[in-house]
Amino acid sequence: MSTGIIIRRVRAEEWQSLRDLRLEALQDPVAAVAFLETYELAVTKPDEFWQDRVTRAATSPDVAQLVAQTRDGRLLGSMTGVVERRGGDGALEGDVIEVDQVHVVGVYVRPEARGTGLARDLIRAVQDWAWSLTEPRIERVRLFVHEDNPRAEAMYRKAGFEPSGVALPVPGDGSGREIELAVLRG
């Protein structure tokens, strides 16, 4: 792990800092191909939305949002794991869940922390959380990356994710495809 960086699960009371980090992420130059949500929509959501979202990510057995922070408390990045159960519907149209798995979403690392290994550390932390679950027992961790986001795809591959062969259209405007990458339980 990066020196001086703490990776931990979010706390419900820090919803404002996490809202601000999410809004920053949605303004990143690659946000259009990295997130299915827009800044324009997210910025209009009331405080209660953000409070509920962070409380769930802090306490739910099926969702865990992890953050990387400096010793002085500055958030450098965030990543969320969501349990998907076999037989359920996935995040994208046409996505079928065939095994109990964790879907990684909301990946963001501030520009000054990119290229430091921090994203890989966050991915490992989400995987550790996923593999620790016993009900359900997680068989794979997966994520989707837009076909026009080669920097993110390269980082995920470096962290051990491989293409699964699944490619689905981007919801809404159909601007390209989302490529599924996955890592199986070892």
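The values are calculated or read from the model by the stated rules, or taken from the named source; none is laboratory data. Please read all numbers here as calculations on a predicted model, not as lab measurements. All Cβ positions, glycine included, derive from the backbone under ideal geometry; neighbour counts span all protein chains shown.
Answer yes or no: is there a residue in the range 65-78 that is at pLDDT below 95 and not in a loop (DSSP other than H, G, I, E, B). Checked the range 65-78: no residue is at pLDDT below 95 and not in a loop (DSSP other than H, G, I, E, B).
Across the range 73-116, the qualifying residues are those that are in contact with a Ser or Thr (Cβ under 6 Å, 6 or more places away or on another chain) and not hydrophobic (A, V, I, L, M, F, W, C), and the one among them that is nearest to Val145 (Cα to Cα) is Gly106.
Identify, from the list Arg151, Arg110, Arg114, the residue that is among the basic types (Lys, Arg), within 23 Å of Glu37 (Cβ to Cβ), surrounded by fewer than 16 Cβ atoms within 10 Å (Cβ to Cβ) and in contact (Cβ under 8 Å) with a residue 60 or more places away in the chain. Full working, then the answer.
Details: Arg110 fails: surrounded by fewer than 16 Cβ atoms within 10 Å (Cβ to Cβ); Arg114 fails: in contact (Cβ under 8 Å) with a residue 60 or more places away in the chain.
Of Arg151, Arg110, Arg114, the one residue that is among the basic types (Lys, Arg), within 23 Å of Glu37 (Cβ to Cβ), surrounded by fewer than 16 Cβ atoms within 10 Å (Cβ to Cβ) and in contact (Cβ under 8 Å) with a residue 60 or more places away in the chain is Arg151.
Counting only strands (runs of 3 or more DSSP E) wholly contained in the range 138-186, the ones carrying 2 or more residues that are modelled with pLDDT under 95 and not β-branched (Val, Ile, Thr) occupy 162-169, 177-184.
Return the residue satisfying two criteria in turn: it lies in the range 9-58 and is of a type in the set (A, V, I, L, M) and part of a loop (DSSP other than H, G, I, E, B), and of such residues it is surrounded by the most Cβ atoms within 10 Å (Cβ to Cβ). Once the filter is applied, the top-ranked residue is Val10.
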